[in-house]
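K.L.:
Let me give you the structure first, and then I'll get to my questions.
Taken together, the values in this text are just the output of simple stated rules run on the coordinates, not laboratory data. Since the structure is predicted, the reported quantities are computational estimates derived from the model, not experimental observations. FYI the Cβ positions are ideal-geometry reconstructions off the backbone, even for glycines, and counts take in every protein chain you see.
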Amino acid sequence: MYFKQFLDENYGCASYLVASRATHEAAVIDPGVDIAPYLTILHDRNFVLNYVIDTHIHADHISGARRLAEETGAQLCLYESARVSYPFRRLTDQEELALGQLRLRVLHTPGHRPELISILLFNLDRGREPEVVLTGDSLLVGDVGRPDFNGGDPAVQFESIEQLLTLPDWVAVFPGHFEGLCGKSMEGRPITTIGFERHCNALAQLPRDEFIATLSANIPERPLNMLAIEATNRGEYDAPWAMVRESLPISEMPVINLPPLDNSSILLDVREPDEYTHGHLPGARSLPQAELASRLPELPRDHTVYVVCWSGSRSRQAARFLRQQGYDNVINLTGGTQTWIRMGKPVQLVP
């Protein structure tokens, strides 16, 4: 068996290439928007790509699945209930895909998204027990996937995690994310085991009602440009530019040094609407980071755009995106709203 994990340090997500060394048949799972690394390995190792599989409709990064399938002639695969506008092979629960002596068994593990699947990997040359499970955004290292995206359900997520934790202790777990906004408690490692998660994942040890309550109350902010990214991955929109791919320099200033706003400047608060409602800088305009790419026409390019969030982290990434889109006068306000409040500065509330 050939097994390769690809890590995207910008978005904290992982993708995988699995192949039979005997037959040279391969599959790629959750490919990123840049498909060159997969094509290089396929070419260099003389692999033939049979399947391109997206475990679910991604909301924080653009999938490269359709493009990779088009380039190679491989079958594009998603779970049968996936709601997209393009044709794909409809996978069913417990279905097995063959790659020589390897078997990729589909496990329907919804909760994060209704169409989410995990892939259980068997190597028949070594026996009939599973070796690896690719869990997408269901079971993560020290966490589980958030349930608040379209069709997500914390109760269903509990059932899916219980199902995965019935696998043998030795099964290696390779998740779809190792950091980012899919979950708040990810440990940052890109691999774990079923046994480790059963004994050390705090959420996985909770009884059903407490699991549901905890997961429902521990929701991170929505990812940058989520609306445009998800629509692109469904085939309803075409915005590959919605991902931050360049490390363009941005200007920054401490939030307490914000000058008075005038007709040539905008103060943009990229936090979630409820955060904005409970206190924002005077004159700030609410434009959540999840909606930024979808609402770019609302931002005049000849204005100075000051970007603020709670701490300065989200606003920095939003400022980088605006610079990437040709906004030259963008300034990130370091320290964010929390520093503004701590310094005793006035805030506005939304009634």
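K.L.:
Is it possible to state the helix-based mean residue ellipticity at 222 nm for the chain, with each DSSP H run of 4+ residues giving -39500 (n - 2.57), the sum divided by total residues, to the nearest 500 deg cm²/dmol? What is it? Before the final figure, lay out each step's value.
P.N.:
Details: 9 runs with 77 residues, N = 351.
After summing the helix terms and dividing by residue count, I get -6000 deg cm²/dmol.
K.L.:
Of Met226, Met186, Met253, which is the most mobile in a GNM of the chain whose springs link Cα atoms less than 10 angstrom apart?
P.N.:
So, out of Met226, Met186, Met253, the one fluctuating most is Met253.
K.L.:
Highest mean first, what order results for 314-321, 117-124 on Cβ atoms within 10 Å?
P.N.:
314-321, 117-124
K.L.:
Can you check how the C-alpha radius of gyration of region 276-315 compares to 2.2 N^0.38 Å, as a plain ratio?
P.N.:
Cα Rg divided by the expected 2.2 N^0.38 Å: 1.20.
K.L.:
Okay, next question. Have a look at the chain and give its Rg and Dmax from the Cα atoms, expressed in angstrom.
P.N.:
When restricted to the Cα atoms of the chain, Rg and Dmax are 21.8, 71 Å.
K.L.:
Let me ask something else about it. Mind putting a number on the dipole of the chain about its Cα centre? Charges go on the C-beta only, +1 for Lys and Arg and -1 for Asp and Glu, and I need it in Debye to the nearest 20.
P.N.:
420
K.L.:
Here's another thing I want to ask about it. Quick one: if you stick a label point 7 Å off each Cα along the C-beta vector at Glu129 and Glu236, how many nm between them?
P.N.:
Going from the Glu129 label point to the Glu236 one covers 4.5 nm.
K.L.:
Also, quick follow-up: Is the shape of region 146-192 rounded, prolate or oblate, going by the alpha carbon gyration tensor and its root eigenvalues a ≥ b ≥ c, with a/c under 1.5 for rounded and a/b larger than b/c for prolate?
P.N.:
It is oblate, given that a/c is not under 1.5 and a/b is not larger than b/c.
K.L.:
Which value, in debye to the nearest 20, gives the size of the charge dipole of region 244-342 about its Cα centre, when Lys and Arg are +1 and Asp and Glu are -1 at the Cβ?
P.N.:
Working: 10 positive and 11 negative charges, 47 e Å.
Roughly 220 debye, rounded to the nearest 20.
K.L.:
Taking only Cα atoms and a 10 Å spring cutoff, compute GNM fluctuations for the chain and point out the largest among Asn233, Asn218, Asn201.
P.N.:
Answer for the Gaussian network model of the chain: Asn218.
K.L.:
Let me ask something else about it. In terms of the Cα gyration tensor, with a ≥ b ≥ c the square roots of its eigenvalues, is region 117-245 rounded because a/c is under 1.5, prolate because a/b exceeds b/c, or oblate?
P.N.:
Oblate, since a/c reaches 1.5 and b/c is not below a/b.
K.L.:
Put +1 on the Cβ of each Lys and Arg and -1 on the Cβ of each Asp and Glu in the chain; which of Gly336, Leu116, Asn50 then has its Cα farthest toward the positive end of the dipole?
P.N.:
Farthest towards the positive end: Gly336.
K.L.:
In whole Hz, with x marking every Gly and Pro, tabulate ³J(HN,Hα) for region 203-209 from phi via Karplus 6.51 cos²θ - 1.76 cosθ + 1.60, θ = phi - 60°.
P.N.:
5, 5, 8, 7, x, 3, 5
K.L.:
Assigning unit charges at the beta carbon (Lys, Arg +1; Asp, Glu -1) and nothing else, what dipole magnitude in debye, to the nearest 20, does region 295-351 show about its Cα centre? It would help to have the intermediate numbers written out before the result.
P.N.:
Working: 8 positive and 3 negative charges, 46 e Å.
The dipole magnitude comes to about 220 debye.
K.L.:
Quick one: grab the alpha carbon gyration tensor of region 192-339, order the square roots of its eigenvalues as a ≥ b ≥ c, and give me rounded if a/c is under 1.5, else prolate or oblate depending on whether a/b is larger than b/c.
P.N.:
Cα axes put region 192-339 in the prolate bin.
K.L.:
As a test, work out the antiparallel percent of DSSP beta bridges whose residues both lie in the chain, rounded to the nearest 5.
P.N.:
Numbers: 33 of 62 bridges.
Taking every DSSP beta bridge within the chain, about 55 percent pair in antiparallel fashion.
K.L.:
Who wins for biggest fluctuation among Leu139, Leu39, Leu287 in a Gaussian network model of the chain, springs between alpha carbons below 10 Å?
P.N.:
Looking only at Leu139, Leu39, Leu287, the largest GNM fluctuation is found for Leu39.
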